[in-house]
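Read-outs: derived from the displayed coordinates by stated rules, not from any lab. The shown structure was predicted, so the numbers you read here are calculated from the model rather than taken from an experiment. So basically every Cβ, Gly included, is an ideal-geometry build from the backbone, and we count neighbours across all protein chains shown.
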Amino acid sequence: MMADEKVLLDYESARGMEKENAAFFYRGASEEVTEGVIFTPRQGNSTAFVCEEGILMVDTNPQWYVQGTIDDIRANHSKAPVDSIVYTHGHIDHVTGAETFIEEAAAQGFTRPRIIGHEDVSKRFERYRQTHPWQNFINKVQFNLPGKIEAFSTVPWIDPDTVYTKELFIDVGKERFELHHSLGETDDETWVWCPGRRVLCTGDTFVWSTPNGGNPYKVQRYAYEWAVALEQMAAQKPLHLLPGHGPAMSGEERIQDALLSTANFLRSIHDQVVTKMNEGKWLEDIIREMELPVSDKPWLQPIYDHPEFIARNVYRLYGGWYDGDPANILPAHSEDVAEALVSAAGSEPILERARKLQSDGELQLACHLVDFVRKGEPDNTEAWKLWRDLFAARAAQERSLMARGAFHYAVSQAEKRLEELG
Ligand SMILES: [Zn+2]
């Protein structure tokens with residue numbers, strides 16, 4: 001087993017995270033990957049390039065971990081001013097430590113670090129400012145967060161002061177850094193290549209799991225451009241790959257494999273969906289007919305996103321939301337449909353059939369049937385109990401964190417309703 005993979009497995013077992021996404025939440029000590037390159041994996045990772053006249057940071061770690069990163073750089077690596085901070089993309093876990101770096105510079109009497117990002121980063125921040133209650137809510141569901149966590153309302157969003165469109169080459173001291181824009185997980189992405197040290201910072205284009213190219217809770221992702229970006233990164237022949245989440249990877253051959261196998265994974269999904277769309281097929285038929293890629297590579301396990309979600313997102317990018325069922329283009333509310341069905345068929349035969357499906361292990365289908373009863377007869381405690389049990393069972397079986405988030409939310413909704421019903 002390779003060292004990087006072992007790091008993740010040890011982390012997983014130390015935290016009892018078999019079913020959780022160890023790569024996404026992975027936190028390790030700061031590590032000097034190669035001379036003057038300090039990699040700090042803390043949920044959203046950061047990298048400090050220590051150059052002659054200053055430090056270039058790629059990402060900052062999230063606000064809740066950044067102070068530890070700064071303390072570590074100062075105590076163990078460099079007292080030089082931070083010249084620049086590059087955002088790989090505007091996600092909360094990657095950039096919200098910027099304010100702390102700015103405050104640190106002021107306290108030391110250094111000039112304010114320049115903040116560099118793609119020109120669309122600020123549009124993202126603006127969207128977060130507009131929708132922070134929604135962001136708080138949807139992240140609670142996605143990550144199955146306990147209690148009242150409202151990070152989106154409280155973190156500082158520091159806009160870049162230096163923006164670019166396609167690419168930007170900058171020098172810190174004598175060191176050259178190439179910033180390349182791509183679409184991928186987000187529309188504001190930057191990947192950073194340091195040719196002098198052959199170090200690649202991928203941002204979330206590489207995160208030690210099935211690419212987050214389909215997230216059902218969030219805005220559009222871009223599978224095709226993502227694959228192209230991975231291929232462009234591979235063409236640089238990196239010796240070190242510093243991902244957006246999870247441990248660092250070293251070795252030219254392994255990095256080629258990591259980047260190109262991920263690109264092929266995305267291309268396979270993208271190309272199949274597009275081919276079938278061009279054949280005039282609707283989404284559900286495409287999903288049923290296509291072959292989702294399966295891989296034994298440790299970085300392509302569906303523990304965060306799900307390959308089916310990526311397929312759905314490709315369809316959403318090129319198509320609309322219409323599912324091909326004319327009853328659904330100006331539809332009745334699903335509760336009204338359910339009520340009509342339950343009053344025609346009776347709730348008992350539907351629940352009975354659902355229980356049979358449950359005992360046959362057909363949980364997916366059983367959920368759909370029970371859904372009619374819990375909506376059509378919202379006071380039916382048997383329906384709510386079955387609904388709760390079905391989703392609890394599915395959560396226990398499911399590898400994808402994003403799917404599990406929805407299942408856990410269903411369980412908590414059922415428990416809430418059962419408590420109301422007494
Ligand atoms: Zn991330």
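Choose one answer from 300, 168, 365: the residue with the largest mean-square fluctuation in a GNM of the chain with alpha-carbon springs under 10 Å. Most flexible of the set in this elastic network: 365.
Within the chain, the selection of entire DSSP H helices by a Cα span of 27 Å or greater along the long axis and an average Kyte-Doolittle value of at least -0.5 returns 252-278, 401-421. Over region 3-191, Cα pairs under 8 Å with separation of 6+ residues give a relative contact order of 17 percent. For region 319-422, averaging the sequence separation of C-alpha pairs within contact (under 8 Å, six or more residues apart) and dividing by the residue count gives a relative contact order of 22 percent.
Simple spin-label estimate for residue 178 and residue 333 gives 5.6 nm between the two label positions (7 Å along the Cα-to-Cβ direction from each Cα). Working from label points 7 Å from Cα in the Cα-to-Cβ sense, the residue 79 to residue 289 distance is 6.8 nm. The Cα-based radius of gyration and maximum Cα-Cα distance (Dmax) for region 332-421 are 12.7, 38 Å.
Take the Kirkwood radius over Cα pairs of the chain, plug it into Stokes-Einstein at 20 °C and 1.002 mPa s, and you get 92 µm²/s for translational diffusion. Here r is the Cβ-Cβ distance between residue 145 and residue 2 and R0 is 35 Å; the resulting FRET efficiency, rounded to 0.05, is 0.65.
Beta bridges assigned by DSSP with both partners in the chain are antiparallel in approximately 65 percent of cases.
Computed over region 98-150, the convex hull of the alpha-carbon atoms projects to a mean area of 5.3 nm².
Put simply, the convex hull of the Cα atoms in region 209-288 casts, on average, a shadow of 6.2 nm². Take 143-149, 212-218 and order them by the average number of nearby Cβ atoms within 10 Å per residue, most first; the result is 212-218, 143-149. Placing a pseudo-label 7 Å from each Cα along the Cα-to-Cβ vector at residue 348 and residue 162 gives an inter-label distance of 7.4 nm. Divide the volume of the convex hull around the Cα atoms of region 1-141 by the residue count and you get 131 Å³ per residue. Classify region 66-135 as rounded, prolate or oblate, taking a ≥ b ≥ c as the square roots of the eigenvalues of its Cα gyration tensor: rounded when a/c is under 1.5, otherwise prolate if a/b is larger than b/c and oblate if not. Taking the square roots of the gyration eigenvalues as a ≥ b ≥ c, region 66-135 is prolate.
For residue 325 and residue 419 in one chain, what is 0.36 nm times their gap in residues minus the Cα-Cα distance, to one decimal in nm? Spell out each step's value before the answer.
Numbers: separation 94, 0.36 × 94 = 33.84 nm, distance 3.64 nm.
Using 0.36 nm per residue and subtracting the Cα-Cα distance, I get 30.2 nm.
Once you've got the Cα coordinates, tell me which of 148/218; 218/356; 123/166; 140/297 are over 27 Å apart. All intermediate terms of the calculation are to be shown ahead of the outcome.
On the way: 148/218 20 Å; 218/356 35 Å; 123/166 16 Å; 140/297 29 Å.
Listed pairs above 27 Å: 218/356; 140/297.
Averaging sequence separations of C-alpha pairs under 8 Å and six or more residues apart, then dividing by the length of the chain, give the relative contact order as a whole percent. Show your work: numbers first, answer last.
Numbers: 775 pairs, mean separation 55.0, N = 422.
Taking the mean separation of contacting Cα pairs over the length of the chain, I get 13 percent.
Scattering from region 5-88 was approximated by placing one identical point on each alpha carbon and applying the Debye formula without solvent; log10 I(q)/I(0) at 0.18 1/Å stands at -0.76.
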